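A short worksheet on the structure shown next.
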Amino acid sequence: MTTYNVAQPASTTLAVVTLSGQIDRDAMEPLTAAYEQATTDNPKTILLDFGDVDYINSTGIALIVGVLGRARAEGRTVQACGLTSHYTHIFEITRLADFISIYPDVDSAVAGATTPEETQL
């Protein structure tokens, strides 16, 4: 089961979505709800924290691509942190890493949010 928490660190235009469990077909509703909650204050950047995620399958990757597409359509950037080396590699070979900045942890992502890189599809 996928769960999430949403936080907006002070002094940034970034919302942190902390995910846990598995990112698979059952994650669609929780991920959509998390995105909607995270965007209520109109942040410029959405940070997906995968630190407590146990498993991501191909459907989960598709859900992440959907979040990326939605965010880009709304003029937002998406960042990720807390990925294991395995999932960082998956993001690289699927080219998600070309469009989502990957950080080791929330603190480094928050620090990087002050100067996000714009990437075009």
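Coordinate-derived values only; no laboratory data. The structure displayed is predicted, hence computed values, not measured ones. So basically every Cβ, Gly included, is an ideal-geometry build from the backbone, and we count neighbours across all protein chains shown.
Number of residues in the range 50-78 that are buried (at least 21 other Cβ atoms within 10 Å of the Cβ) and over 18 Å from Pro30 (Cα atoms): the value is 2.
The numbered conditions (1) at positive phi; (2) not in a loop (DSSP other than H, G, I, E, B) are all true for Gly75 except (2).
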